[in-house]
Each structure stands twice: as structure tokens, then as C-alpha cells.
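Everything below concerns the one structure shown next.
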Amino acid sequence: MPSFTSLHFTLVVPIFLFYLYHRFVHSQRFKFPLPPGPKGLPIIGTLLDSVLYSNSSSTEAHEPDWKKYLDLGKKFNSDVIHISVLGDHMVILNSANAVNELLEKRSGIYSDRPAYHMLNGLCGWDWNFGHMRYCDYWRLHRKTFHQYFQPRSLAKFHPFQRKAISELLDSLVKSSKDGETEFKGPLQRYAGSIILRATYGITTQEDQEHYVNLVNRAILGIVYAGNHGNFLVDYLPLLKWVPSWFPGAEFKRKAKAWTQSATELRDEPWEKLRTSIAAGTALDCFATENLEKVKEDDKEMEVVIKNCTSFAYLVSLLLSTVLSLLHNPDVQARAQRELDTVVGASRLPDFGDRENLPYLEAVLNEGMRIHQSLPLAVPHHSIEDDVYEGYFIPKGTTVVANSWWVLAILHDERAYPDPFKFNPERFIKKEGEELPPSPLLYAFGYGRRQCPGRPFAVDTAWLAIACILATFNIKKAIDRDGKEIEAEIAYTEGMISHPKEFKCRFVRRSGETWESTKSTFQHVEVED
Ligand code: HEM
């Protein structure tokens, strides 16, 4: 009978050798190099460069991440960059090609999300399905959301989009005084009220204002902790257990404040909805339609519905388009000529006019191209080893699409003269010329995680821009001495980016017709 030792040699050793052979000879890991990138120090990798730098995170001004990643691409002469910190792999995609190849064509591999130790683990955002891992639970959320917000269902939102635009125009008229217009609040309320109406059936002005303020507070956690690696805890999950009073544990104190608003955002409007359902006063919306379909004791499905009732980044697009229009009065004038010809001066533009307003469509496209609300989209994560252009991308890599730059590349000098100029003309079809790729392909993310709210968001933004241009000229604000105030073209940093504070005036185009045009949507039948 063979002894244990000889058994060991005859069975275990060959298996072990076979394993090593497989690992070293067959594994792609040893055949292909990682993509180029900063080497850093052994074990900690580029910790000192990347984490400590971005850990100033939160409020201090520094070079935006998309610019930092773009410079790395230039330095290493590659559109795919690898950054390693404490064994964590991150790959940055700096070209449309790389994004299409990996996030679109191989989306079966790249549709996961990173573990998000800061955002989900500490800031209380794990309930939001946009941050969930790629699994059946996420699929259930995605399907539930898509069924309600799919393109062919958009008409059901039109009545309350029209009502919201009417309120927006009215408040822009009323809040214009002393040489400037308070426009940010009304735009936030416009976007927020439509989303709140669609998801929870919330309609009163008081509730809308309350929840829009809540979103503004809650979103801070996403803005600062949404980009992978902004906090050290993303690389060292054990830091989660450091007590908040511990010196240097400021991240825990921030997380506590952000968790509170993220949780309020999840629970408060939901409780409100539950109360109105019990009172029999709830309006038809995403939540009621889905709750009606589930059995009373199906608690899991109720949580899914609650997790889907989302907030959105719509206002960033509106603010950045207003800023671009302010700097381009010629674009405003041309869009207004088109509106006057197609729609006339006696009513407001409506969804049915959209296909007859190609220049206005181009303005919307250019607004999405010139600045992206999510310059680095939302990080994806790989679930298998992969090889791209001779580079090895290990399973478990966080993959970040540098969307800001991807769009800039697509608008390079050869195809688009003056790519940093706001020029909607580039999206107008000309005889014998190809149109440039639509920003819709990039501004809303990629592959299986692409924004499912895109059609609804674009419709809502279109109506706002069309009606604002039909009603107002956007002009520079005027100070007390009657001088024009310049509006700087500058954007905030963080995962969600929007123009920094700027001033302007919304000046009515025609005083006489305003009373009749504003009534266009005011008598629309809306359930509220
Ligand atoms: C201009 C407005 C908007 C922009 C620019 C935008 C952009 C994005 C981006 C870049 C992503 C990440 C995609 C990826 O991971 O590759 C995303 C995800 C998502 N968006 Fe939007 N979005 C907008 C409006 C909306 C609206 C209005 C809704 C809801 C009605 C919405 C719901 C979602 C959801 C639920 C996800 C998560 C999808 C998932 O992880 O499967 N978005 N959005």
C-alpha cells in the first residue's frame, strides 16, 4: 500500500504542476502585458499620486479627473491606461474605439459595477440600482424601470411635461428683476417636478421644492464619492471600521452626513406615496402602476420598485445649454427664426413640432456634446479576464470611460473645425456629407448599463429649450451701473458636473403675445 508521502507525489504534485503549467503557459495574464500606465511603488502602486491627490476630494479645486486621465494617455501614448493601487486595477478608456470595443461590443464582460466601498458601503447609496452589481437582482430593476420609461411610452408624460413648462416660463418671467433672472431654481424645479410626478405622482409646489432640495443635498455623496478611488476606503475596505472620531477619518464624518440625505431621499417620497395610496388620492405613476401588479405580500418586489424611483442629472444639461446660448446670440436668433416659421408666435412649440425643427434639434445635440454632465460616465467593472489590443485586462478591473474626451475626439479638428465652439450647424445634414456621430451615443453611458432614462430625459430637455427660445432672449445680466456682467464658461468637478454659478437675463421676446402663448399649455388636462 503506498504511503501518504508517495501518494502525495503521485497525485498531488502532478496536479499542482498541471495547475502551474496552465496558469503560466495558458493564462493570458502571462502572455500579455497590462496596458501602459504609471508604475508607482511596489504593493501600493500609484497610491501616493492618485489617492492622496483626489482625496482632497471633496471640495478643493484641482485638475479634473478627465484631464488628468487624458494627460496620462498622452504621456504613455495609449488610449487605454492602467492604474494600479494596492492591487486594485483601474483601466481608463480615452477613445471612442476602446469604449465601443469594450463597453459596447463586450458588454457581457464589462457591465458590472465596482464594490463602491465609499458610495454604497458608507454613504448609503446601495439601494440605487445604478450602483448595483451586474446580477439577476439588477436585471429585475432594469426590466421594471424600462417597462415604464421605454420610448414608446413617452406620450403618457407629455401632459405633465407641458404643465411644468408652463410653470417654468411663468416663474422665469416673474423672477426677472434688477438686471438678472433667477433661473437655476426654476430650471431645477422644472426637471425635478417632472421626475417626481412620473415616479411618485407628487405634484404640489411645496413638495416639489422640498424634494428638489433633498436631491441637491443627497447628490453630494455621488458627486464626490462616485468616481472610483476618490477615497482611500475604495482600495482599503477595512478602513470602513475606523471610528469617525479617529484622526484623519473625515471620510466617515462626510459619509454619515451623505447617508442621512440618501436615506431620506429613498424613504421620504415613498412614505408620502404610501400615505396617498392609503387615502385613495395617489395619482397614476411608475410606483402605483408597478405596485398594482405585485401581490400584497411580495416584499421583495416592493423594494425593487422603491429602488427604481430615481433622481436624475437633467438640470446639468439645461444649465450648460443656457450658458452656451448666452454666449451665442446668433444661435439663439437662428433657432428663433426656425421656431417662428414652423410654430408661429401664437402658441408654444409642442412635441409634434419636433421633427420640423432640425436646427433646434442640432442645438440640443450640441448642448450634449459641448459639456457632459457625467464626464467620466459611471464606472463599469469586468467579470472576466480579457485581452484588448494586446493588453491584458484582469477580471475585477474598474473600467472608466473618459466620456468628456471621447466626445472631444469625435469632434476633432479634421471632422469638426473649431471643436470647442458651440456650433449646432455641425449637426445639420449637408448634401454629400456624413453627419458626425450623435452625442446621444456617448453622453448617456454605455452597453447594458446605458442610461434607461435617456428618451424621457431628452424629451424633457427638448421641450424646455424649445419653449425658452420661443419665449425669451437669453442675455447677459446687467449690474447696478448698467454694465453687462460676463458669464464665465467654467464647470464644477466631481462625478456630476454642471456650470459654475453664472448670471444672465431671460428677456421676453414679445410682450403682447406672452399672455396668449402662455395659455397654450395651461388649460391642458392634467391629473393633479
Ligand atoms: C441629461 C440627463 C441624463 C444624463 C446625461 C444621464 C446619464 C447617465 C449615465 C452616463 C449613466 C451611466 C451609464 C453607464 O454606466 O454606462 C446613467 C445611468 C442611469 N440613468 Fe441616466 N442620465 C440622464 C437622465 C436620466 C433620467 C431622467 C433618468 C430617470 C428617469 C435616468 C435614470 C438612470 C438610471 C436608472 C441609470 C442606471 C442604469 C444602470 O445602472 O443600469 N437618467 N445615466
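Read the figures in this text as sums done on the coordinates, not as results from a lab. Remember, predicted model here, so these are calculated numbers, not experimental data. Virtual Cβ from ideal backbone geometry, glycine too; neighbours counted across all protein chains shown.
Descriptive notes on the structure:
- Theoretical FRET efficiency, 1/(1+(r/R0)^6), r = Cβ-Cβ of residue 75 and residue 279, R0 51 Å, to 0.05: 0.25
- With θ taken as phi - 60° and the Karplus curve 6.51 cos²θ - 1.76 cosθ + 1.60 applied, the whole-hertz 3J(HN,Hα) list for segment 95-102 is 9, 4, 4, 5, 4, 4, 4, 8 Hz, x standing for glycine and proline.
- Between residue 425 and residue 440, the contour length at 0.36 nm per residue exceeds the alpha carbon distance by 3.7 nm.
- Inter-part distance, segment 208-236 to segment 431-483, computed on C-alpha centroids, equals 24 Å.
- Take the Cα of residue 288, step 7 Å toward its Cβ, do the same at residue 241, and the gap between the two points is 4.9 nm.
- The simple Förster model, with R0 at 45 Å and r as the Cβ-Cβ distance, assigns residue 481 and residue 155 a FRET efficiency of 0.35.
- In order along segment 475-485, the phi-based Karplus estimate (6.51 cos²θ - 1.76 cosθ + 1.60, θ = phi - 60°) of 3J(HN,Hα) comes to 10, 5, 5, 10, 7, 4, 8, x, 8, 6, 9 Hz; Gly and Pro are listed as x.
- Only Lys, Arg, Asp and Glu carry charge here, each on its Cβ (+1 for the first two, -1 for the last two); on that basis segment 206-269 has a dipole of about 480 debye about its Cα centre.
- When 190, 313, 446 are arranged by Cβ crowding within 10 Å, least crowded first, meaning fewest neighbours, the order is 313, 446, 190.
- Amide H contacts under 5 Å for residue 89, placed H, 5+ residues apart: 398
- Placing R0 at 51 angstrom, the Cβ-Cβ distance between residue 296 and residue 178 gives a FRET efficiency of 0.35 after rounding to 0.05.
- Around the Cα centre of segment 152-261, unit charges on the Cβ atoms of Lys, Arg, Asp and Glu (plus for the first two, minus for the last two) sum to a dipole of about 380 debye.
- Of 67/272; 156/299; 177/500; 68/143; 156/254; 421/483, pairs whose Cα-Cα distance is over 32 Å: 67/272; 68/143; 156/254
- Where labels lie 7 Å past Cα in the beta-carbon direction, separation of residue 140 and residue 346 in nm: 5.5
- Calculated P(r) tail over 27 Å for segment 323-467, as whole % of Cα pairs: 33
- Using only side-chain charges placed at the Cβ, +1 for Lys and Arg and -1 for Asp and Glu, the dipole size of segment 31-517 relative to its Cα centre rounds to 360 debye.
- Distance between segment 60-132 and segment 162-186 - C-alpha centres, whole angstrom: 38
- Mean sequence separation of contacting Cα pairs (under 8 Å, at least six apart), scaled by the length of segment 31-517, corresponds to a relative contact order of 24 percent.
- Hull volume in cubic angstrom per residue (convex hull over the Cα atoms of segment 31-517): 173
- Residue ranges 459-465, 277-283 sort as 459-465, 277-283 when ordered by packing (mean number of other C-beta atoms within 10 Å per residue, highest first).
- Per-residue ³J(HN,Hα) for segment 132-138, Karplus 6.51 cos²θ - 1.76 cosθ + 1.60, θ = phi - 60°, Hz, x for Gly and Pro: 7, 5, 7, 7, 4, 5, 4
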